[in-house]
1. In whole percent, how big is the carbon plus sulfur part of the accessible area of the chain, probe 1.4 Å, protein atoms only?
2. Run the numbers on the chain and let me know its relative contact order in percent, using alpha-carbon pairs under 8 Å that are six or more apart.
3. Length gain on complete extension for the stretch ASP135 to LYS93, per 0.36 nm per residue less the alpha carbon to alpha carbon distance?
4. Which three lengths, in whole Å and largest first, does region 145-186 cover when its Cα atoms are put on their principal axes?
5. Going by average Cβ neighbours within 10 Å, how do the peptides 128-134, 138-144, 167-173, 61-67 rank, with the highest at the top?
6. If you take the C-alpha gyration tensor of region 75-136, multiply each eigenvalue by 5 and take the square root, what semi-axes do you get, largest first, in whole Å?
7. Run a plain Debye calculation on region 36-124 (Cα atoms as equal point scatterers, no solvent) and give log10 I(q)/I(0) at q = 0.14 Å⁻¹, rounded to two decimals, same order as the q list.
8. Would you work out the relative contact order for region 3-130, in percent, from Cα pairs under 8 angstrom that are 6 or more residues apart?
Amino acid sequence: KMPDVQTNQCVPYLEWHLPRTLGTKAIQIIYSGGGYGGNSPDSFEVAPMRRYLNEKGMAVVTMRYRTPRPKGLAKHVTAWQDLQRAIRIVRSKAAAKGLDPNRIGIMGSSAGGHLTLMGMASSSKPAYAPIDELDRIPCNAQWAVAIYPAYGLAEYSDDAELAPEFAFDSGVCPTLFIHGEKDVFVPYAMMDVLYNACSAEKEKLPVPDAQHDQ
């Protein structure tokens with residue numbers, strides 16, 4: 001049932017990592033980068049944070065999304081499909097594990113950071129046509145952590161313009177950006193432009209209900 005299946009890509013999967021003692025009912029989904037050429041839930045961008053949050057009493061779900069880049073589609077499309085489906089799966093299983101289905105965060109680095117921005121900014125836009133009843137479940141996150149996100153700006157543009165795939169729909173959630181100014185792969189100056197652009201777009205959205213639990 002998986003959309004846009006390509007034989008050159010890996011099979012996506014999720015792993016649940018539950019702490020011995022639950023300190024919060026919130027859930028953190030984490031995945032790595034890799035230029036959309038590959039990704040690993042056991043990489044240095046995932047495993048240390050997974051262990052740290054588990055030690056703090058937080059449930060973590062690690063995700064392996066489809067890579068390398070799909071043929072004939074934008075570099076991130078199949079990974080974005082996997083992220084939306086992953087959030088729905090996690091949300092559907094949270095209550096049975098004693099967790100809160102309305103407290104789910106997403107976190108990724110580099111290309112995974114770009115994927116996080118897709119999940120944060122475009123959750124109301126379906127990445128694929130509905131497959132089954134699970135796809136009736138919302139795929140929005142309650143928070144996002146984008147770590148040195150790549151591909152934030154439009155390619156082949158003389159001006160620093162935000163990449164066109166970011167919709168900034170009604171599901172935009174609070175987002176934490178983490179970046180180092182000495183990064184030579186994802187320039188810090190680009191991060192500054194991306195942050196300002198995201199902040200400006202966020203301000204255009206309606207103010208959330210004050211009674212809503214953020």
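1. On the way: 5930 of 11050 Å².
Within the chain, the accessible surface is 54 percent carbon and sulfur.
2. On the way: 417 pairs, mean separation 39.1, N = 214.
Reported as a whole number, the value is 18 percent.
3. Going from the current span to full extension adds 13.8 nm.
4. Computed over the Cα atoms, the extents are 33, 25, 11 Å.
5. Details: 128-134: 10.6, 138-144: 20.7, 167-173: 16.9, 61-67: 24.3.
Highest mean packing first, the order is 61-67, 138-144, 167-173, 128-134.
6. Values: eigenvalues 82, 47, 15 Å².
Taking √(5λ) for each eigenvalue gives 20, 15, 9 Å, largest first.
7. Values returned for q = 0.14 Å⁻¹ are -0.52.
8. Details: 233 pairs, mean separation 41.8, N = 128.
Relative contact order, region 3-130: 33 percent.
The values are calculated or read from the model by the stated rules, or taken from the named source; none is laboratory data. Worth saying up front: this structure is predicted, and the values here are computed from it rather than measured. Positions of Cβ are generated from backbone atoms using ideal geometry, with glycine treated the same way; all protein chains shown enter the neighbour counts. The area values use the complete protein model at the heavy-atom level, side chains included, leaving out ligands, DNA and RNA. Shrake-Rupley method; radii C 1.70, N 1.55, O 1.52, S 1.80 Å.
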